[in-house]
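Step one of this worksheet: look at the structure below.
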Amino acid sequence: MKVLVLGDSHARCFTGKIKSNIESIDVVSVAGASAQGLTNENSKFQALNKFRTHLSKNIDYDCVYLFFGEIDCNMTIWSYSQKYNVSLKEQFSRSVNNYKTFIKKEINPYFSNKQINLLGPILPTIKTNMIKFQNTNRKNITVTQSSRTRLTNIFSQYIEKFGYKFYSINHLLLNHHTKLFDDKYEINNHHLDNRIAKKLWLSVLPI
């Protein structure tokens, strides 16, 4: 089986050896790539053009996994709403609709619906009182972890209805008492440790 993974920096957990039944897995990861920016040819991170370049190689993959949304739910939707004085609902819809458009225009020409798999963004890991200590633009997002978690769950619910296979590890990351990301994973930024992330994803994915 030949597998392609397209995503933001969280997709990097899929690099390296996966399972014996996987002949090859190519990971095209663009740090900072939001779902909202997937239709923008002139985006800062050039995600769309990088993904197009790889897809145009016409490698005969058996399936593709798409891993986007964490940046939208933790930064883009909130910051754009403030910056452009538009509602959160409008910004949320833009992220969801752009993601859907990206799949229709860029992924469907190469993969059938049955070959497309969506991975839900992981639960927000950064605590409310720790945002200001981040070394990225996230430090300007004064939104509680609870609010970001709620938005992440709603985003996942929406993309799950796109009509493709959908997977999430958030039930494994959730502290059922706090209803937030479980502190037992002990991380200091918005990424899970790649080894932990890979192990959790492989426990729910059919690869």
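The values are calculated or read from the model by the stated rules, or taken from the named source; none is laboratory data. It should be emphasised that the depicted structure is a prediction, and the values quoted were computed from it without experimental measurement. Backbone-built Cβ (ideal geometry, glycine too); neighbour counts: all protein chains shown. Surface accessibility is based on the protein's heavy atoms, side chains included, excluding ligands, DNA and RNA. Shrake-Rupley method; radii C 1.70, N 1.55, O 1.52, S 1.80 Å.
With respect to the conditions (1) farther than 21 Å from Lys114 by Cβ; (2) in contact (Cβ under 8 Å) with a residue 24 or more places away in the chain; (3) of a type in the set (Val, Ile, Thr), Thr178 lacks only one, and its number is (2). Within the stretch 38-66, residues that are over 18 Å from Val3 (Cβ atoms) have Cβ atoms under 7 Å from residues that are of a type in the set (Phe, Trp, Tyr) and outside any strand (DSSP E or B) in these pairs: Leu38/Phe68; Leu38/Tyr99; Leu38/Phe102; Thr39/Phe102, counting only partners at least 6 apart in sequence or on another chain. Pairing each residue of the stretch 146-164 that is under 15 Å from Asn117 (Cβ atoms) with any residue that is open to solvent by 60 Å² or more (accessible area, probe 1.4 Å) and modelled with pLDDT of 95 or more, provided the two are 6+ apart or on different chains, yields C-beta distances under 9 Å for Ile159/Lys100; Phe162/Lys100; Gly163/Asn113; Tyr164/Asn113; Tyr164/Lys114. Out of Lys89, Lys83, I need the residue that is more than 15 Å from Ser9 (Cβ to Cβ), out of contact with any strand residue (DSSP E or B) (no Cβ under 6 Å at 6 or more places or on another chain) and modelled with pLDDT of 95 or more. Which one? The match here is Lys89. Here the stretch 137-187 is the region considered, the condition is being basic (Lys, Arg) and part of a helix (DSSP H, G or I), and the residue that is surrounded by the fewest Cβ atoms within 10 Å (Cβ to Cβ) is Lys184.
The residues of the stretch 190-207 that are assigned to a loop (DSSP other than H, G, I, E, B) and more than 12 Å from His10 (Cα to Cα), listed by number, are Ser203, Val204, Leu205, Pro206, Ile207. Taking every residue in the stretch 76-88 that is more than 19 Å from Gly32 (Cβ to Cβ) and pairing it with any residue that is surrounded by 15 or more Cβ atoms within 10 Å (Cβ to Cβ) and among the polar types (S, T, N, Q), at least 6 positions away or on another chain, the pairs with Cβ-Cβ distances below 8 Å are Ser87/Ser81; Leu88/Ser81. On inspection, Glu23 qualifies as in contact (Cβ under 8 Å) with a residue 12 or more places away in the chain and open to solvent by 80 Å² or more (accessible area, probe 1.4 Å). Scanning the stretch 61-75 for residues that are over 30 Å from Thr142 (Cβ atoms), part of a loop (DSSP other than H, G, I, E, B) and open to solvent by less than 40 Å² (accessible area, probe 1.4 Å) turns up just one, Tyr61. Would you check which residues across the stretch 115-133 are at pLDDT below 80 and open to solvent by 20 Å² or more (accessible area, probe 1.4 Å) and list them? Result: Thr128, Asn129, Met130, Lys132, Phe133.
Yes/no matrix, rows are residues, columns are (1) under 16 Å from Tyr164 (Cα atoms); (2) outside any helix (DSSP H, G or I); (3) at pLDDT 95 or above; (4) of a type outside the set (Asp, Glu):
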site: Lys19; (1), (2), (3), (4): no, yes, no, yes
site: Val28; (1), (2), (3), (4): no, yes, yes, yes
site: Ala33; (1), (2), (3), (4): no, yes, yes, yes
site: Phe45; (1), (2), (3), (4): no, yes, no, yes
site: Arg52; (1), (2), (3), (4): no, no, yes, yes
site: Ile59; (1), (2), (3), (4): no, yes, no, yes
site: Tyr99; (1), (2), (3), (4): yes, no, yes, yes
site: Lys104; (1), (2), (3), (4): yes, no, yes, yes
site: Pro109; (1), (2), (3), (4): yes, yes, yes, yes
